[in-house]
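Undergrad: Pasting a structure here, questions to come.
The values are calculated or read from the model by the stated rules, or taken from the named source; none is laboratory data. These numbers were taken from a predicted model, which means no experiment stands behind them. No Cβ is skipped: glycine too gets one built from the backbone with ideal geometry, and neighbour counts run over all protein chains shown. Quick note on the areas: whole protein, heavy atoms, side chains included, nothing else; ligands and nucleic acids left out. Shrake-Rupley method; radii C 1.70, N 1.55, O 1.52, S 1.80 Å.
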Amino acid sequence: MSEEPTLIARIASSVGSLPAQEWDALAGMDNPFVSHAFLTALEDSGSVGPGTGWSPLPLVIEDEEGRLAAALPAYLKSHSQGEYVFDHSWADAWERAGGHYYPKLQISVPFTPATGPRLLLRDEAFGVPLLRAAETFCVREELSSAHATFIEPAQIGLFEQAGWLLRNDIQFHWENRGYASFDDFLGALSSRKRKDLRKERAAAQEGVEIRALSGADLRPEHWDAFWAFYQDTGSRKWGTPYLTREAFDLFGRRMGDRVLLILAYMDGRPIAGALNFIGGSALYGRYWGCLLDKPFLHFELCYYQAIDHAIARGLSRVEAGAQGGHKLARGYEPVRTWSAHWIADRRFRAAVADFLKQERAGIAADQIVLGEKTPFRKS
C-alpha cells in the first residue's frame, strides 16, 4: 500500500516570506487582491504590520517537497477596523461577559470589501484541513474566534463542511448582460431613469477632462494627486486613512496592468479620482476622493466610467465596494455577500448562531425589496 503524502501546516511570518510563483499558482489570476503583488504591497508599504492592528499571519499547508499546497491570507487583529463585516456588537457582548474578543484571526484582504477566494488551494480536498489548521491555531493561541470575510460563493460549501457559521450582507454590483456600449446598457432602463443618467453624465462631464490610466501610463504625479483625494476621503470616513502613500507606488510598480486609475481634470489640474483594480472577470472599484465638489462627478468617475471600461474589456460585472444604496439608481443591483465565522466558546457560538439566523432572514427580505427598486424596465 502506498503511504499518504506528508503535509505540514504552519504559520508564515508574512506573504512576502513565501514564494510568489507558488502563492500565485494557488491564488489564480481572476482576483487581483489575493495576488502576491497586492498583499506584499500592503506589507512592504507599512499599511499592515506593526502599529496597524493587522499582523500578517498567512497559514499554509506544504507538501512533502516543501511546496505550497494551500494557503490562507490571514491576520492577527487587535480591533475590527477595515473589515466591512461588522462584529463590534459581538466583541462588546463577549467583553461584557468577561471574555477577551481580541486578538482574533481575520481571513481576508485588508481594507478590501471585494468577494474573492479565501482558501487558496491546489486541490479542493485541502480546504477543510486548512480550516482545521486555523481552528487549531486559535485554540493554541487562545484566540476568541476566526473570521473569513467576502468569500466567493463557490467556497461557501467548504466552510459549511467545517461547521463554520455563515453570515450574509448585501452589496451593489453592476452586471454586464452582453452590452456593446453604455447606450446599450441605458436601453435596458426605464425611460425616466435613462434620461436621469444621461443628465447626470452631461452635468458631471461639463468643463472636465477625464483620463483613464493603467500600466506604464501611471506616474508618481498621478499617485500624488490621488493620494490627496484619498486622504481627504479617509480623514472624513475613517479618521485615519488605512493605506500609506508608498502603497500606491507599489501597486503601480508591481501590478500596474491590473490598476485602472480614473482622474478628472479641470483647467489642467486634477480635481478628483477613482481607483479600480482589474480582475479576470470583474472591475473592482476601491477608492474615490475629490478636492472640488462638482455635482454628479462621484457617480461619473466611480460608477459610469467603471461601466464603460467593464464593457470595453468584456468584463462580466463591476463591484463598487461596500454599502451605498445610491448605487441602485445607477444600475447596480443588490447581491448577497458571504462571510464565515468560527467561535471558540460553545455558549458564545450558540448566541452568535441565533443572531445570524435572525439576521439572515432580514437580509433576504431586504434583497427582495431592493431588487424591486432597480431602474431596469419591468417585463
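Undergrad: Using a 10 Å Cβ count of at most 15 others and DSSP loop calls, identify the longest part of the chain lacking such GluC sites (Glu not before Pro). Spell out each step's value before the answer.
TA: Values: sites that count: Glu3, Glu64, Glu65, Glu142, Glu206, Glu372.
Value returned for the longest uninterrupted segment is 207-371.
Undergrad: Which percent of the accessible area of the chain is formed by carbon and sulfur heavy atoms (probe 1.4 angstrom)? The partial results should precede the final answer.
TA: Details: 8430 of 16620 Å².
It is 51 percent, rounded to a whole number.
Undergrad: Which residues' amide hydrogens lie under 5 Å from the amide hydrogen of Val85, considering only partners 5 or more residues apart or on another chain, with H built in the peptide plane?
TA: none
Undergrad: Using only the Cα atoms of the range 1-113, each taken as one equal point scatterer with no solvent, compute I(q) by the Debye sum, divide by I(0), and report log10 of the ratio at q = 0.17 Å⁻¹.
TA: For the range 1-113, the Cα-only Debye profile gives -0.85.
Undergrad: Quick one: Cα convex hull volume of the range 118-261, Å³ per residue?
TA: On the way: hull volume 33.1 nm³, N = 144.
Dividing the Cα hull volume of the range 118-261 by its residue count gives 230 Å³.
Undergrad: With helices defined as uninterrupted DSSP H runs, which ones in the chain have an alpha carbon span along their own long axis of at least 24 Å and mean Kyte-Doolittle hydropathy of at least 0.0?
TA: Working: long enough: 220-237 (25 Å, -1.28); 346-371 (37 Å, 0.05).
Membrane-span-like by this criterion, though nothing is claimed about a membrane: 346-371.
Undergrad: First check a/c for the range 149-188, with a ≥ b ≥ c the square roots of the eigenvalues of its C-alpha gyration tensor; if it is under 1.5, answer rounded, and if not, answer prolate when a/b is larger than b/c or oblate otherwise.
TA: Verdict is prolate for the range 149-188.
Undergrad: Can you tell me the length gained on complete extension of the stretch Arg132 to Ala353, counting 0.36 nm per residue apart and subtracting the Cα distance?
TA: Numbers: separation 221, 0.36 × 221 = 79.56 nm, distance 1.93 nm.
Result: 77.6 nm gained on full extension.
Undergrad: Viscosity 0.890 mPa s, temperature 25 °C: what is the translational diffusion coefficient of the chain from Stokes-Einstein with a Kirkwood Rh over Cα pairs, rounded to a whole number of µm²/s?
TA: Working: Rh = 22.0 Å.
Reported coefficient: 112 µm²/s.
Undergrad: Which chymotrypsin sites (Phe, Trp or Tyr not before Pro) does the range 187-238 hold that lie in a coil by DSSP with at most 14 other beta carbons within 10 Å?
TA: Those that pass, being in a loop and sparsely packed, are Trp238.
Undergrad: Now a separate question. For the range 117-177, which trypsin sites (Lys or Arg not before Pro) are in a loop by DSSP, counting at most 14 other Cβ atoms within 10 Å? It would help to have the intermediate numbers written out before the result.
TA: Numbers: sites: Arg118, Arg122, Arg132, Arg140, Arg167, Arg177; in loops: Arg118, Arg122, Arg177.
Counting only loop positions with at most 14 other Cβ atoms within 10 Å, the trypsin sites (Lys or Arg not before Pro) in the range 117-177 are Arg177.
Undergrad: Please go through the residue pairs Lys104/Lys357; Lys77/Lys294; Lys199/Lys357; Lys193/Lys357; Lys77/Lys357 and name each one whose alpha carbons sit more than 32 Å apart in this structure.
TA: Working: Lys104/Lys357 22 Å; Lys77/Lys294 38 Å; Lys199/Lys357 43 Å; Lys193/Lys357 36 Å; Lys77/Lys357 26 Å.
Where the Cα-Cα span goes over 32 Å, the pairs concerned are Lys77/Lys294; Lys199/Lys357; Lys193/Lys357.
Undergrad: Hey, what D do you get for the range 253-299 in µm²/s if you plug the Kirkwood alpha-carbon radius into Stokes-Einstein at 20 °C and 1.002 mPa s? Present the calculation step by step, with values, prior to reporting the outcome.
TA: Details: Rh = 11.8 Å.
The Stokes-Einstein estimate is 182 µm²/s.
Undergrad: Please list 3J(HN,Hα) in residue order for the range 58-72, calculated via the Karplus relation 6.51 cos²θ - 1.76 cosθ + 1.60 where θ = phi - 60°; whole Hz, with x for glycine and proline.
TA: Residue by residue, the range 58-72 yields x, 9, 10, 10, 10, 7, 5, 9, x, 8, 5, 10, 6, 7, 10 Hz.
Undergrad: Roughly what would the spin-label model give for Asp267 and Glu64, points 7 Å off Cα along C-beta, in nm?
TA: So the two model labels end up 7.2 nm from each other.
Undergrad: Here's a follow-up. How many angstrom lie between the Cα centre of the range 273-315 and the Cα centre of the range 47-99?
TA: A separation of 29 Å, based on Cα centres.
Undergrad: Something else: In sequence order, what are the phi-derived ³J(HN,Hα) couplings for the range 295-301 according to the Karplus relation 6.51 cos²θ - 1.76 cosθ + 1.60 with θ = phi - 60°, rounded to whole Hz, with x for glycine and proline?
TA: Here the 3J(HN,Hα) series is x, 6, 5, 4, 4, 5, 6 Hz.
Undergrad: Per the helix-only calculation at 222 nm, which mean residue ellipticity applies to the chain, given -39500 (n - 2.57) for every DSSP H run of n ≥ 4 and division by its residues, nearest 500 deg cm²/dmol?
TA: Numbers: 11 runs with 131 residues, N = 379.
Helix-only estimate at 222 nm: -10500 deg cm²/dmol.
Undergrad: According to the square roots a ≥ b ≥ c of the eigenvalues of the Cα gyration tensor, what is the shape class of the range 209-272, taking rounded for a/c under 1.5, prolate for a/b larger than b/c otherwise, and oblate for the remainder? Please report the intermediate quantities before stating the final value.
TA: Details: a/c = 2.24, a/b = 1.13, b/c = 1.98.
Oblate, because a/c is 1.5 or more while a/b does not exceed b/c.
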